[in-house]
Amino acid sequence: MNIGREVIRLGEVDSTNTYAEGLAENGAMHGTVVIAESQTSGKGRLGRIWISPPGGIYMSIILRPRMELKDSTLLTMMAGVACCRALRDATGLDIRIKWPNDLIVSGRKLGGILTEVKSREHRIEFVVVGIGINVDVLSEGFPPEVREIATSIGNEKLREQPKDALLRALLNEVDRWYDIFMEKGGRPVLKEWRRFAAMLGKSVKVTVGKEETTGIAEDIDDQGLLIMRLQSGILRKISAGDLTILRQQ
Ligand code: BTN
């Protein structure tokens with residue numbers, strides 16, 4: 001097991017990703033993990049804030065894969081698959097992945113992944129995979145604007161969760177899926193990702209800044225881009241954005 005051999009546990013920190021980036025810049029080894037009890041400036045995707053009160057899992061994993069920058073999206077998908085597998089097994093909840101990498105249950109967000117990459121001449125120097133999971137954060141712990149769209153394992157299961165066991169399970173699965181990815185490439189990752197995907201074949205809206213695209217989420221391509229069929233029948237690939245499932249089909 002390479003991932004989690006070195007674990008740094010912090011109380012409160014600004015962001016475990018920022019902390020891990022600093023360590024990686026100073027040569028921290030592949031698989032180093034930073035875990036915090038809470039974050040004061042947790043970072044979400046698309047420049048958002050990740051609300052991080054005590055009771056959640058906030059961790060960042062430093063990876064040093066020998067790989068081209070263009071394949072880094074697949075690393076995020078690998079982490080999504082690993083987290084989904086670990087949390088499904090540990091909780092029994094029907095946790096799914098919403099493109100690009102939201103972990104959802106009963107239509108609400110339970111966790112997210114933010115991957116930050118440092119590269120040089122198209123090659124990856126290091127990657128920090130940041131994972132945030134709402135474990136024992138009750139609805140009241142979320143600000144009003146996210147209360148309707150977020151949930152936690154505690155909310156869903158109505159009892160306290162053993163956070164350390166969840167952490168171990170997450171690290172074990174990331175370790176296992178990282179090895180699969182390095183040995184066999186993206187194909188098995190994408191196959192598993194599709195199995196857990198919440199939105200394939202459904203009518204969706206993707207928002208990128210002010211631009212909205214609606215259509216059917218047909219598939220993901222071999223780099224993890226979303227393939228959407230627009231009303232005109234044209235297929236469009238989308239690399240980033242916020243996806244809303246419009247109706248079940
Ligand atoms: C998302 O927007 O869905 C991604 C959220 C990622 C949050 C995690 S919490 C641990 C790590 N440190 C951060 O500052 N962000 C990530």
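The values are calculated or read from the model by the stated rules, or taken from the named source; none is laboratory data. Only a predicted model underlies this, so the values are computations on that prediction, with no experimental measurement involved. Don't worry about glycine lacking a Cβ; one is built from the backbone with ideal geometry, like all the others, and counts go over all protein chains shown. Side chains included, ligands, DNA and RNA excluded: accessible areas come from the protein's heavy atoms. Shrake-Rupley method; radii C 1.70, N 1.55, O 1.52, S 1.80 Å.
It is to be established whether one or more residues within region 152-159 are under 20 Å from Ser38 (Cβ atoms) and surrounded by fewer than 23 Cβ atoms within 10 Å (Cβ to Cβ).
yes
What are the pairs, 6+ residues apart or on separate chains, where a residue within region 30-58 that is at positive phi has its Cβ under 8 Å from a residue that is surrounded by fewer than 17 Cβ atoms within 10 Å (Cβ to Cβ) and at pLDDT 95 or above?
These pairs meet every condition: Gly31/Glu6.
Can you tell me which residue among Ile49, Ile149, Ile104 is assigned by TED's automatic domain parsing to the domain that holds Gly27 and at pLDDT 95 or above?
Answer to the selection: Ile104.
Let's see how each residue does on (1) in a strand (DSSP E or B); (2) among the small types (Gly, Ala, Ser); (3) open to solvent by 10 Å² or more (accessible area, probe 1.4 Å):
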residue	(1), (2), (3)
Leu93	no, no, yes
Ile97	yes, no, no
Pro100	no, no, yes
Leu103	yes, no, no
Glu116	yes, no, yes
Ser119	yes, yes, yes
Phe126	yes, no, no
Gly132	yes, yes, no
Val137	no, no, no
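Condition check ((1) within 13 Å of the ligand (Cβ to nearest atom); (2) open to solvent by 60 Å² or more (accessible area, probe 1.4 Å); (3) in a strand (DSSP E or B); (4) closer than 15 Å to Phe126 by Cα) across all residues:
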residue	(1), (2), (3), (4)
Gly4	no, no, no, no
Glu12	yes, yes, yes, no
Gly22	yes, no, no, yes
Ser41	yes, yes, no, no
Ser52	yes, no, no, no
Met59	yes, no, yes, no
Lys70	no, yes, no, yes
Leu75	no, no, no, yes
Val81	no, no, no, no
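Exactly one condition in (1) surrounded by fewer than 16 Cβ atoms within 10 Å (Cβ to Cβ); (2) in contact with a strand residue (DSSP E or B) (Cβ under 6 Å, 6 or more places away or on another chain); (3) closer than 19 Å to Trp177 by Cβ is not met by Leu63; state its number.
(1)
Hey, does region 89-109 have a residue that's in contact (Cβ under 8 Å) with a residue 12 or more places away in the chain, closer than 22 Å to Lys237 by Cα, aliphatic (A, V, I, L, M) and within 13 Å of the ligand (Cβ to nearest atom)?
Yes.
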